[in-house]
Amino acid sequence: MLISILTIWFCPYIISPVTADDSNCANTWEDNPAPQLNDSSATVRFTVLHREHPCFLASTVPADHFSPSTLSTRHTRVRRLSAGCFSSCPEDGGHMGGSIFANGVPWDQYSYVTQIQLGTPATTYNMLVDTGSSLSWIRCKQCINECPGPVFDPAASSTYNVVYCRSSLCNVVPSATMTPSTCWMPFEKCSYNQTYEDGSRSVGVVSSDRLTYGRTSVDLVFGCSNRFEGLGGHYSGIIGVSANTLSFFTQLTVGHRYKAMAYCFPHPSKVGFLQFGQYDRQQDGMSFTPLSIDGNNYHVHLTDIIVVFSSVDIGLGMGGNQTMRCFFDTGTAYSVLPRHLFARLSDAVEERIEGFYRVGTSTGQTCFQPDLQFDEEDSYMPTMKFVLQGGATLILTEEDLYIEEVPGKLYCLAFKENNSGDVVVGSKFLMALQIVVDLENSTMGFRDRRGCS
């Protein structure tokens, strides 16, 4: 594998602020086609908004949820994602223990929200979308600790049911949450303990209730959380769309519906989607690569990484036809590279970037400050290409490649390093990228241009 380097202009990406007055929020959330439950060609489509969209009220998270110790452990999620192990995973060494965000940027700055209607009568809740976890859960009434945001009241729903340890559904919970079973007797309630390795933890009872969308409904198995630690804001919970039996993805495609998911997570002022079922295979600009599943997680294989900055090629020493596993995870803002690739990328940018100089951080990030002669029109920053099996290519623009940690003063590469040898594409890179996960054909598709329309 080679990193090839060619020159391109660097232009910082700026989002113009918008307000809720600029949008019709009711129409924004409700712009979904009505599904047909028993039609094999049916498509279920949910609107997705960036957490900073004016039609989503939770644009900030209380600072006390993001202490340095919390931030320092967020990155270990990547190791668990690729290893598929339980809570006994060994600790990482080296830079893995460092803070992820140089200036305390909350992990959900690049997170995405959808709405679901749960219970009878149906009530609407804002939910974070997580491509790296399986069990969906919602904050429930009678929380032991503080539960910000709307909470689900089981007593108010006529269709709510508890899942017991004797149920076959309970047997799947340990694999869905990657934690050991806590069931001892068949008549006990099936409990769960979902840990996200950033200090966030959801504990509660596995339950089921009616999920309504369009003109139809299905029974959804989810976690009714009575204790939650870590996640702030006005989110009611998380929907997990990985590959486990209990994932939102699997539950909405079980039976007659085609087993595929398409999504596009939007810029702060735009509207995206999360779609289950049939999709347009002939859509202009789509390319596909083989898809593999390891436990709960799906991944593809990288065959090459190209950095477009100058005419110099840097060999990575991969050798032969070796590939790397590549995961997709909205639970981490940063993308992740194996240590040797991260070092080569950092060095290549440092040696050839113009208008900036590299500065040290305590977080293990590669960051740059503009020099005294900084002129935005004369500065340079690379783009990147991820080449996948079969020839599909993911393009990382200048916007994807860096995070402006301090506006106009500090720019950090939107990457971290790990020891696992895997690549993880984080939520910043996923912004405005159209993706299809087709389990029936074991393929993953990508559109070659950005935008959710």
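Restricting region 106-120 to residues that are surrounded by 20 or more Cβ atoms within 10 Å (Cβ to Cβ) and assigned to a loop (DSSP other than H, G, I, E, B) leaves a set whose member that is modelled with the lowest pLDDT is 106.
Only one entry of 404, 351 meets the criterion of being acidic (Asp, Glu), closer than 26 Å to residue 303 by Cα and at pLDDT below 85, and that entry is 351.
Just checking, how many residues over region 421-453 are surrounded by 21 or more Cβ atoms within 10 Å (Cβ to Cβ) and among the hydroxyl-bearing types (Ser, Thr, Tyr)? Result for region 421-453: 1. One residue stands out in region 364-395 among those that are polar (S, T, N, Q) and modelled with pLDDT of 75 or more: the one that is nearest to residue 442 (Cα to Cα), namely 389. Consider region 16-56 and keep the residues that are in a loop (DSSP other than H, G, I, E, B) and hydrophobic (A, V, I, L, M, F, W, C). The one that is modelled with the highest pLDDT is 55.
Listed here are the residues, each with its yes/no results for (1) among the hydroxyl-bearing types (Ser, Thr, Tyr); (2) under 25 Å from the mean Cα position of the chain (by Cα); (3) modelled with pLDDT under 90; (4) closer than 24 Å to residue 117 by Cβ.
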{"residue": "181", "(1), (2), (3), (4)": "yes, no, yes, no"}
{"residue": "196", "(1), (2), (3), (4)": "yes, yes, yes, no"}
{"residue": "207", "(1), (2), (3), (4)": "yes, yes, no, yes"}
{"residue": "217", "(1), (2), (3), (4)": "yes, no, yes, yes"}
{"residue": "220", "(1), (2), (3), (4)": "no, yes, no, yes"}
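Candidates 157, 168: the one that is touching an Asp or Glu at 6+ places or on another chain (Cβ under 7 Å) and at pLDDT 90 or above is 157. Take the conditions among the hydrophobic types (A, V, I, L, M, F, W, C) and part of a strand (DSSP E or B) and apply them to residue 249. Does it pass? The answer is no for residue 249. Listed conditions (1) over 20 Å from the mean Cα position of the chain (by Cα); (2) closer than 19 Å to residue 304 by Cβ; (3) not acidic (Asp, Glu); (4) not in a strand (DSSP E or B) are all met by residue 408, apart from (2). Here's a check for you: in region 153-183, which residue that is in contact (Cβ under 8 Å) with a residue 40 or more places away in the chain and touching a Phe, Trp or Tyr at 6+ places or on another chain (Cβ under 7 Å) is surrounded by the fewest Cβ atoms within 10 Å (Cβ to Cβ)? So, considering only residues that are in contact (Cβ under 8 Å) with a residue 40 or more places away in the chain and touching a Phe, Trp or Tyr at 6+ places or on another chain (Cβ under 7 Å), the one surrounded by the fewest Cβ atoms within 10 Å (Cβ to Cβ) is 180. Taking each residue of region 415-427 that is farther than 24 Å from residue 109 by Cα and looking for partners that are outside any strand (DSSP E or B) with beta-carbon atoms closer than 6 Å, six or more apart or interchain, yields 419/92; 420/79; 420/82.
Which residues, taken from region 126-145, are of a type outside the set (S, T, N, Q), in contact with a Leu (Cβ under 9 Å, 6 or more places away or on another chain) and closer than 16 Å to residue 111 by Cα? Once the filter is applied, which keeps residues that are of a type outside the set (S, T, N, Q), in contact with a Leu (Cβ under 9 Å, 6 or more places away or on another chain) and closer than 16 Å to residue 111 by Cα, region 126-145 yields 128, 129, 132. From the list 436, 387, exactly one residue is within 30 Å of residue 254 (Cβ to Cβ), in a strand (DSSP E or B), in contact with a strand residue (DSSP E or B) (Cβ under 6 Å, 6 or more places away or on another chain) and not hydroxyl-bearing (Ser, Thr, Tyr). Which is it? Only one candidate qualifies: 436.
The values are calculated or read from the model by the stated rules, or taken from the named source; none is laboratory data. The shown structure was predicted, so the numbers you read here are calculated from the model rather than taken from an experiment. Every residue, glycine as well, gets a Cβ built from its backbone with ideal geometry; the counts of neighbours run over all protein chains shown.
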